[in-house]
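Just so you know, all these numbers are worked out from the coordinates, no wet-lab data involved. Computed from a predicted structure; not experimentally measured. Don't worry about glycine lacking a Cβ; one is built from the backbone with ideal geometry, like all the others, and counts go over all protein chains shown.
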Amino acid sequence: MEITSAQLKELRDKTGISVMQCKKALEEAEGDMDKAVIILKKKRSEAAEKKSDRELGAGSIGSYVHNTNEVAAFVLLACETDFVSKNEEFVALAREIAMQVAATNPTYVSKDQVPAEVLKKAEEVFATEVGDKPEEMRAKILEGKMASYFREQILMEQPFIKNPDTTIGDMISGAVQKFGENVSIAQISRLSVK
């Protein structure tokens, strides 16, 4: 199947991924745009996984101050090289994530930062809530409640405020693929008058 430049442009605009990777994904998906997006997401996750153990020696601090001057947030977005840390798109990503932190006030960056006692306490609370449900449904309901609760608390699990179809974790995976090196959120901070 012949891939058109319009298809390439549309997929690149949707994902921000290189033209060659978009072309390969469209060819693999036989021109199906939705399948191509799924293929790119899968490859993005695989690329992030491969690069996750590389040392991060550079980065950029993204900041956001709300126009009321009552909320501000800072994000340290880490990467491997100064070259990437000074890239306009990387700096913009740090700012977008800072905006997310200002808007949603997450407690943790990633799931592995949640203390075991917090997980246990949340599970106990939700287990009590689902206690009156049929036995065969309890585990599934409990799992859903835990996922929903921590989706709000964990930055990497949150839907991006400007595009709820994408999570912050997806954005980081996309950055890893786009820049070709490990990228992670090293630290977040939020200040509020109220």
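Sequence-distant or interchain residues sharing an amide H contact under 5 Å with Phe160, placed H: which?
The list, which skips near neighbours in sequence, is Thr166, Thr167, Ile168.
Only counting other Cβ atoms within 10 Å, I'd like Arg44, Arg95 sorted with the fewest neighbours first.
Numbers: Arg44 22, Arg95 17.
Least to most surrounded, the residues fall as Arg95, Arg44.
Please list, ordered by chain and number, the residues whose modelled amide H lies under 5 Å from the amide H of Glu181; skip anything fewer than 5 residues away on the same chain.
Excluding prolines and chain starts, which carry no amide H, there are no hits.
Under 17 Å Cα to Cα from Lys43, which lysines show up? Leave out anything in the same chain fewer than 8 places away.
The reachable lysines, counting only those whose Cα sits under 17 Å from Lys43, are Lys14, Lys23, Lys24, Lys35, Lys51, Lys178.
Set the Förster distance to 22 Å, then compute FRET efficiency between Asn105 and Glu143 from the Cβ-Cβ distance, nearest 0.05.
0.35
Evaluate 2.2 N^0.38 Å with N set to the residue count of the range 5-51, then give the Cα radius of gyration divided by it. Write out the running numbers ahead of the final one.
Values: Rg = 10.0 Å, N = 47, 2.2 N^0.38 = 9.5 Å.
Taking N as the residue count of the range 5-51, the ratio is 1.05.
Please rank Leu8, Leu119, Leu40, Leu77, fewest neighbouring Cβ atoms within 10 Å first, as an exposure proxy. Provide the component values of the computation, followed by the final result.
Working: Leu8 17, Leu119 13, Leu40 24, Leu77 28.
Arranged by neighbour count, lowest to highest, Leu8, Leu119, Leu40, Leu77 become Leu119, Leu8, Leu40, Leu77.
With the chain treated as a Gaussian network of Cα nodes joined by springs under 10 Å, which of Met156, Met171, Met137 yields the largest mean-square fluctuation?
Greatest mean-square fluctuation among the candidates belongs to Met137.
Just need the relative contact order of the range 43-194 here, percent rounded to a whole number, with Cα pairs under 8 Å and 6+ apart.
Relative contact order, the range 43-194: 35 percent.
With a/c under 1.5 counting as rounded, go ahead and sort the range 125-192 into rounded, prolate or oblate using the C-alpha gyration tensor (a ≥ b ≥ c being the square roots of the eigenvalues; past the cut-off, prolate if a/b is larger than b/c, else oblate). Spell out each step's value before the answer.
Working: a/c = 3.15, a/b = 2.19, b/c = 1.43.
Taking the square roots of the gyration eigenvalues as a ≥ b ≥ c, the range 125-192 is prolate.
To test your reading of the geometry: what angle, between 0 and 90 degrees and rounded to tens, separates the Cα axis of helix 33-51 from the longest principal axis of the chain?
80
Picking from Val37, Asn69, Gln21, whose Cα lies most toward the positive end of the charge dipole for the chain (charges on Cβ: Lys, Arg +1; Asp, Glu -1)?
Among Val37, Asn69, Gln21, the one farthest towards the positive end of the dipole of the chain is Asn69.
State, to one decimal in nm, how far the label point of Ala58 lies from the label point of Glu129, with both points 7 Å from Cα in the Cβ direction.
Here the answer is 4.4 nm between the modelled labels.
FRET efficiency for Met20 and Lys162, Cβ-Cβ distance as r, R0 = 22 Å, nearest 0.05?
On the way: r = 27 Å, r/R0 = 1.21.
FRET efficiency, Met20 to Lys162: 0.25.
On C-alpha positions alone, give me the angle between the axis of helix 5-15 and the longest principal axis of the chain, in degrees, nearest 10.
So the helix axis and the longest Cα principal axis differ by about 30 degrees.
By how many degrees, 0 to 90 and rounded to 10, does the Cα axis of helix 168-179 deviate from the longest principal axis of the chain?
30
Compute from the Cα atoms of the range 5-126 the Rg and the Dmax, the latter being the longest Cα-Cα distance, and quote both in angstrom.
Gyration radius and largest Cα-Cα distance of the range 5-126: 18.5, 54 Å.
Determine, at each q value in 0.12, 0.17, 0.21 (inverse angstroms), the log₁₀ of I(q)/I(0) that the Debye formula gives when each Cα of the range 47-194 is one equal point scatterer.
Reported log10 I(q)/I(0), two decimals: -0.57, -0.96, -1.24.
Listed here are the pairs Lys133/Lys162; Lys41/Lys162; Lys111/Lys140; which of them are more than 25 Å apart at the Cα?
The answer is Lys133/Lys162.
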